Structures are given as C-alpha cells and as structure tokens.
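We did not get these values from a lab; they are worked out from the coordinates using the rules stated. Since the structure is predicted, the reported quantities are computational estimates derived from the model, not experimental observations. Every residue, glycine as well, gets a Cβ built from its backbone with ideal geometry; the counts of neighbours run over all protein chains shown.
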Amino acid sequence: MQRGIPFGRVGLSLSLIAVVAVVAALSLVVSAGSRDTNGAGLDIGPFPEDFVDINHVPRSTPPAPGPGASTGTFTEDCGRNAQGRHRNADNLVVSPGLKNGAHHTHDYVGNLSTTAFSTDADLAAAETTCTSSNKSTYYWPVLRRQDRPTTPTPGVTDTHHGNIGEILPPKKVTVQFRGSPTTHVVPMPRFLRTMTGDPVAGTEGPAQAHAQWGCAGFPDRFTMHYPKCPDGKVTRTFDWPSCWNGLDTDSDDHRAHLVFPAANGLCPSGTFPVPQLRVVVSYDVPDDVPIAVDAFSEQQHNPVTDHAGFVDVLTAGQMTKVVSCLNEGRHC
C-alpha cells in the first residue's frame, strides 16, 4: 500500500507555495515594465533595447542661420500641471468628439478647458495656466514609473490598456516659439490644430516619428530611445512643424496643412514659415526606476511613439508680438 505524505510535509509544501506566490507577485510589481498586470500575461514593455546611454548618442547640429533668418525666441510660463489637475484620455486634434479616444492619459498646460469636445468658442472663453493669458493648449502623454501603483485619470474608469504605474509630474515645462533659420516668419492662424510625432510609430514605422528624448545638460543630443541620464534628469523635446500651407487650420491627416522644413531649414514650395513651437518637458527620474510613456497597448510603450498636440488660441495681438519678437531677433 502506498503511503500518504505526512501532514507536516504537506503544510511545509503549502507554505513554500505561498512564499513562491508572494515572491512572484512582488516580482510582477517590480518588473511591471515587461509583464501585463491585467491577467493576460502579455509583454507590454518597455524592453532593455528601448534604452540608451546618453553618452552614446551623437550630437545634432541645427542649420546655421542665414542673412534673412528670424533669430528671436518668445518664451512663456504656462506652469507644469504639478498637481495633475488637467489630465484626460482625449485627443482634441486627432479624435475630436470621441471621449477617451487616446486610450492613454495626456498631461496639459495652457488652456484649462480642453477635452475631445472643445470648440473654438470654448477654448477662447476658457481660463489658462499661462501667465501671459495665452489660451492655447499643449498636451502630451504622461510618463509613469512602473514600480508604483497606477495613478488614475480623473473622470475615466477604464484607460488601463497596459498603462500602469504612478504618473511622474514634470519638474519643468518650457513653452517657446522660435524663428526660421532662413527667413522671416508670418503669423500662424488662430485655432490652428497640429500634432508632432506619431503614436503608432512602434508598429507602423518611424517615417512620421519625431520623438526627441534627452537629458538636461546634453542639449544637443536627442534620441528616439529612453535616455539613461547620469543625474536622472530626463527631457522630452517636442518640436512642431512650421511650414503652413497658408489656407487650412487642420487637414484629414492632421499633418498636410503644416509640415516640417527641410534639413537646411527651407520650407517646401507653396508653404510659409510660421513660428516654430518647441515644448521641453523635464523630469527627475530616480536611479533604476522603470519608466514608460503612455501609449496604445500594441505599441508596447516604445519611446519612438512619443507625441504631442497643440491648438493655437493666441489672439491676433498676441501672435503679432510673437512674430515681431522672432523677426527682430529679440529674446522675449
């Protein structure tokens, strides 16, 4: 007759199983960047190959300004959404009228009313975080640390989609308009809508991608990978296209009406240089903390998908000040 397993051994085995389960659960939290916690067991990223040491990133050289360049800058203080009071999973530029159309959370500065349902009139009537009373809206996907519990998005009950972890609030946000290295700029139209970057570049390829990750102290080094910064000061630099077709405030693909200049700074034929918007979002990332940018689930938090949206709500008078500052070579 086969003997049964003594009760003491059964208890020990059960205890070991419990310990293993606890360790596995803890490992899941620590390695949240590679395993999905919604029960599907899917790899959600990011992965080791998504990271790069900033010292290995080559320097970039912008085109030298020509004799007719508009060399000025116009910088605004629009805050940094430190308390997370304006976040949602909408995308007014790409998915107007569709609640939670982004399937990931966006951080905002500037216009305080922006949702998927905002009209031009809504934006013009809203309050703003910009000290200059600029009511334009600026937004981008949040950055999370995956080793902590997930920060919920206000008013949203289901935006998981693999976007897990505590949202890292920016330490600084710089909003700046810049000129053209080849000529003077003309005013951009009010309520111009535009995107930079491509949220599906991880699966569709980098042709439309414009991710520029970097580190404070390395202003001339940009990468489409998550940067490993010596002091943890991670930056995301969003440069918007600045060659306008002179007619439209939007287009079917949200790109055709406003395109990037060539590498030498020249705009394509039939387009006109407008002030180029640059937004730099800076973070303090503790050592060895797993980070991931919010993204569509199938993009696996690939850093190449970084993107941002902008709607120009500057009044004619405010835009005139920007253009004059740039064309006159002043730093306002």
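Add +1 for every Lys or Arg and -1 for every Asp or Glu among the other residues with Cβ under 13 Å from the Cβ of Phe117, and state the total. List each step's numbers first, then the result.
Numbers: positive: Lys99; negative: Asp90, Asp120, Asp122.
That sum, taken over residues with Cβ under 13 Å, equals -2.
With N counted as the residues of the chain, its alpha-carbon radius of gyration over 2.2 N^0.38 Å works out to 1.15. Listed values for the range 123-134 are Karplus-derived 3J(HN,Hα) couplings in whole Hz (6.51 cos²θ - 1.76 cosθ + 1.60, θ = phi - 60°), namely 5, 5, 8, 7, 7, 9, 8, 6, 5, 8, 6, 5, and x replaces Gly and Pro.
Principal-axis analysis of the Cα atoms of the chain puts helix 316-327 at an angle of about 80° to the longest axis. Among His104, His86, His56, the largest mean-square fluctuation in a Gaussian network model of the chain, built with springs joining Cα atoms closer than 10 Å, belongs to His56. The convex hull of the Cα atoms of the range 43-97, projected and averaged over all directions, covers 9.2 nm².
Which of the pairs Lys135/Lys172; Lys99/Lys135; Lys172/Lys228; Lys135/Lys233; Lys135/Lys321; Lys171/Lys228 have their Cα atoms more than 25 Å apart in this structure? Listed pairs above 25 Å: Lys135/Lys233. Using only the alpha-carbon atoms, how far is helix 7-30 inclined from the longest principal axis of the chain? Give it as 0 to 90 degrees, nearest 10. The angle comes out at about 10 degrees. In order along the range 51-66, the phi-based Karplus estimate (6.51 cos²θ - 1.76 cosθ + 1.60, θ = phi - 60°) of 3J(HN,Hα) comes to 10, 8, 5, 4, 5, 9, 8, x, 6, 10, 10, x, x, 5, x, x Hz; Gly and Pro are listed as x.
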